[in-house]
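A quick write-up on the structure given underneath.
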Amino acid sequence: MGKMNSDPSKKELIKEIHDLKEKSIITDELVDRLCEAIQEASIREKELHAIMNGSKAVLEQKGFTESARAIFDPGTPTRSVPVSAGTSNHHA
């Protein structure tokens, strides 16, 4: 998931907000609220990216074991584990 070139970066937005504060266009309280909102948006973007990567890994695998390996050990190659090797198709 790439960013568009026209989107300002988090640092650029915060700099613009502080520039507006210097010119007395916005209040300290508004600066704080805007900076918090930018930080929250950044965190949510990272969380969404992780969820999307996990979903993609699950969809690319055939079973639970392979999916779990793809999500939690992305550098480890997956291998098929036959049902007779101790895994079960029953759900708790």
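A short reminder: the numbers here are calculations on the coordinates, not readings from a lab. Keep in mind it's a predicted model, so treat the numbers as computed, not measured. Every residue, glycine as well, gets a Cβ built from its backbone with ideal geometry; the counts of neighbours run over all protein chains shown.
Listed by Cβ neighbour count within 10 Å, with the fewest neighbours leading, LYS62, LYS15, LYS21 appear as LYS62, LYS15, LYS21. Go through SER42, SER55, THR65 and say which Cα lies farthest out towards the positive end of the charge dipole of the stretch 10-77; charges sit on Cβ, +1 for Lys and Arg, -1 for Asp and Glu. Farthest towards the positive end: THR65. Derived scalar couplings between HN and Hα for the stretch 36-46 equal 4, 5, 5, 4, 4, 4, 5, 5, 4, 4, 5 Hz in order, rounded to whole Hz, by the Karplus curve 6.51 cos²θ - 1.76 cosθ + 1.60 (θ = phi - 60°), x for Gly and Pro.
Our estimate of slack between ILE51 and GLU22, defined as 0.36 nm per intervening residue step minus the Cα-Cα distance, is 6.6 nm.
Let me check against my output: what whole-number percent is the relative contact order of the stretch 10-77, with C-alpha pairs under 8 Å and at least 6 apart?
Details: 29 pairs, mean separation 13.4, N = 68.
Relative contact order, the stretch 10-77: 20 percent.
Among THR27, THR65, the order by Cβ neighbours within 10 angstrom, fewest to most, reads THR27, THR65.
Rounded to the nearest 20, the Cβ-based charge dipole of the stretch 10-77 about its Cα centre (Lys and Arg +1, Asp and Glu -1) stands at 300 debye. By the count of other C-beta atoms within 10 Å, a proxy for reagent exposure, ARG69, ARG33 are ordered fewest to most as ARG33, ARG69.
Which FRET efficiency, nearest 0.05, do ASP7 and THR65 yield, Cβ-Cβ r, R0 41 Å? Write out the running numbers ahead of the final one.
Working: r = 39 Å, r/R0 = 0.95.
With a Förster radius of 41 Å, E is 0.60.
Would you tally the net charge around LEU30, using a Cβ to Cβ cut-off of less than 12 Å, leaving LEU30 out, and scoring K and R as +1, D and E as -1?
Details: positive: LYS21, ARG33; negative: ASP28, GLU29, ASP32, GLU36.
For residues surrounding LEU30, the net value is -2.
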